[in-house]
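What follows is a single structure, written as structure tokens, with notes after it.
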Amino acid sequence: MPKKRESFKTEIELQQAVLREKARGTPDVEIGEKFGVSYKYIEKVITQVKGINVSNLNVKKRIKYLEPKNFKLETASVWSFRQRGDWATHSGEYRGNFSPYIPRNIILRYSRPGDLVLDMFCGAGTTAIEAKLLGRRCIAADINEKAIELAKQKVNFDINLLLFPDEGQKKYFEPELLVKDARDLSWLPDESVDLICSHPPYANIIQYTNNRELDLSFLDLDEFLTEMKKVAKESFRVLKPGRQCALLIGDTRKCKHVVPLGFKLINIYLEAGFYLRELIIKRQHNCKTTGFWYKKSVENNFLLLAHEYLPVFEKPAKIRGATKVKEQLSSLAVEKKRVPPGPELPTLETTTVWIFPEKERDRFLARNIVDRYAGDDQFLCLEISLGDKKTLKGAVSKLQDNYRLIWLKSSALSDDYLQVNQDDYLRLILEVINDLKNKIKSGGYLAIDTRDIRFNGQLIPLAKLIVDMIEDRELWLKEIVVVTTNGTFAESAEMANPAPDDYLKIVHSYVLVYERR
């Protein structure tokens with residue numbers, strides 16, 4: 001019979017029992033059931049005792065191969081890695097570390113052999129391992145000395161040149177691993193780094209150390225963003241002009257509503273002087289969408305967070321003026337539009353990434369939005385499109401009240417109309433929202449369909465700009481949904497590897513869902 005928590009005389013006995021099971025390789029689920037403890041408790045015990053948040057206490061790994069099989073550079077804006085990646089010494093025991101496919105793609109696309117790569121949130125050394133394998137110099141730092149000890153174990157391997165027969169005598173460099181604070185890079189000269197590739201902690205989600213004073217992962221959202229301003233400022237200083245800084249960051253949730261941590265962090269880096277080159281969506285594959293979680297998602301009307309953001313910032317090579325998307329549309333108006341009927345959906349989408357068949361995208365999207373947020377109640381779909389702006393007020397005034405859902409679509413942002421003036425577009429969105437919000441019943445929803453666009457080498461993150469713009473206390477951000485098609489990834493894999501200066505193809509859009517309070 002399992003020995004439950006109350007059976008232990010002291011907390012230390014319970015902790016020792018948990019550690020013994022971890023050392024045996026017992027899964028966390030079984031440990032939790034055996035001792036009546038939570039996943040969070042197991043994490044806390046390991047971090048307190050070991051000084052590092054790892055899921056496997058036996059971290060030694062036999063190297064089978066030094067590079068991923070059949071690797072191709074990502075060419076589209078949605079990255080999906082079903083297998084985390086286990087070549088060289090990569091493994092997933094360090095909580096929250098990112099897939100090695102991410103630094104491999106970033107390093108190959110934005111740096112050259114011999115360049116200096118910086119990771120100021122080293123963790124278990126994923127970026128450092130990839131930099132070594134790819135012939136880049138690397139400095140990797142972390143506030144946690146135990147993490148650096150682990151990373152040093154990870155990068156301590158010999159590269160057998162026989163495994164690279166097509167590359168000859170490839171030169172590689174041993175990474176330099178340091179215990180340093182990401183907020184203070186004073187030990188690095190100005191404009192000395194060629195590429196930054198890092199995965200900062202998320203605000204108060206996973207605690208990586210037992211050091212509340214120095215570890216950013218203990219901070220609440222506002223404090224976290226304040227401290228990340230220091231990281232962004234230092235990153236801008238040490239990076240060479242014209243070079244890139246890539247970060248993986250995700251959103252969090254509070255009171256069943258999304259907290260747009262990713263967009264907020266992007267703003268921090270833009271304020272530091274960077275501009276946005278890419279905004280990549282990285283899918284997560286560990287989200288359960290059936291059984292218990294499907295039922296909870298529908299009953300409580302929330303989606304499982306299934307994506308993270310990988311913004312790629314660039315330090316301007318020279319001072320750039322404020323760039324606006326060139327105006328091509330003479331005017332915009334709102335038109336009433338019917339939602340396409342069917343098909344009947346066996347189940348609703350339960351995560352924040354919706355992937356539909358290319359030819360059925362609009363139908364499946366419409367059914368999911370309407371069925372989840374309107375049900376059998378009244379809803380309205382409006383199109384922001386070409387037309388006479390004078391008709392806007394008239395069209396809105398004729399609408400009735402008490403809609404359960406109003407859905408704003410933006411076909412003006414399709415491939416045929418990418419040169420929309422962003423200020424005009426955002427201004428119109430805000431005008432429409434102000435006119436329509438009172439026509440939504442309390443507890444009803446406003447859904448905004450939008451997408452990122454590109455102009456003059458910069459990515460214009462319209463979804464983020466809309467979230468920044470809506471400060472109405474009556475509208476509470478419920479979800480940020482990413483929409484793409486299931487042909488995206490196959491098409492991306494078949495494309496030839498592009499030159500480093502090429503941009504990623506934008507293959508996703510967003511639906512921003514607000515609840516009216």
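Every test in (1) modelled with pLDDT under 85; (2) outside any loop (DSSP other than H, G, I, E, B) is passed by Phe224 save one, and that test is (1). Kindly indicate whether Arg137 is more than 20 Å from Ile249 (Cα to Cα) and at pLDDT 95 or above. Criteria met by Arg137.
Looking at region 468-480, can you tell me whether even one residue there is closer than 24 Å to Asp377 by Cα, in a helix (DSSP H, G or I), of a type outside the set (Ser, Thr, Tyr) and at pLDDT 90 or above? The answer is no; no qualifying residue exists.
Out of the residues in region 260-282 that are β-branched (Val, Ile, Thr) and touching a residue at least 60 places away in the same chain (Cβ under 8 Å), state the one that is surrounded by the fewest Cβ atoms within 10 Å (Cβ to Cβ). Among them, the one singled out is Ile266.
The residues listed here are Ile429, Ile448; of these, the one that is among the hydrophobic types (A, V, I, L, M, F, W, C), within 23 Å of Val483 (Cα to Cα), in contact (Cβ under 8 Å) with a residue 24 or more places away in the chain and not in a helix (DSSP H, G or I) is Ile448.
Ala147 meets all of the listed conditions (1) surrounded by fewer than 23 Cβ atoms within 10 Å (Cβ to Cβ); (2) under 26 Å from the mean Cα position of the chain (by Cα); (3) outside any loop (DSSP other than H, G, I, E, B); (4) at pLDDT below 90 but one, namely (1).
Of all residues in region 83-102, none are of a type in the set (A, V, I, L, M), assigned to a loop (DSSP other than H, G, I, E, B), modelled with pLDDT under 85 and surrounded by 18 or more Cβ atoms within 10 Å (Cβ to Cβ). For region 446-460, does any single residue satisfy the condition of being farther than 20 Å from Gly262 by Cβ, modelled with pLDDT of 90 or more and in contact with a helix residue (DSSP H, G or I) (Cβ under 6 Å, 6 or more places away or on another chain)? Looking for residues that are farther than 20 Å from Gly262 by Cβ, modelled with pLDDT of 90 or more and in contact with a helix residue (DSSP H, G or I) (Cβ under 6 Å, 6 or more places away or on another chain), one finds none in region 446-460, hence no.
The set of residues in region 70-86 being without any contact (Cβ under 8 Å) to a residue 40 or more places away in the chain and either aliphatic (A, V, I, L, M) or in the same structural domain as His199 (by TED's automatic domain parsing) (or both) consists of Gln83, Arg84, Gly85, Asp86.
Within region 377-406, the set of residues being of a type in the set (Gly, Ala, Ser) and either in a loop (DSSP other than H, G, I, E, B) or at pLDDT 85 or above (or both) comprises Gly387 only.
Conditions tested, residue by residue: (1) assigned by TED's automatic domain parsing to the domain that holds Ile266; (2) surrounded by fewer than 18 Cβ atoms within 10 Å (Cβ to Cβ); (3) modelled with pLDDT under 90.
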position	(1), (2), (3)
Pro175	yes, no, no
Val179	yes, yes, no
Asp194	yes, no, no
Tyr202	yes, no, yes
Leu214	yes, yes, yes
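The set of residues in region 435-445 that are surrounded by fewer than 22 Cβ atoms within 10 Å (Cβ to Cβ) and either free of Cβ contacts under 8 Å to residues at least 24 places away in the same chain or among the aliphatic types (A, V, I, L, M) (or both) contains only Leu436.
The values are calculated or read from the model by the stated rules, or taken from the named source; none is laboratory data. In this text, all values refer to a predicted model and were calculated from it rather than measured experimentally. Don't worry about glycine lacking a Cβ; one is built from the backbone with ideal geometry, like all the others, and counts go over all protein chains shown.
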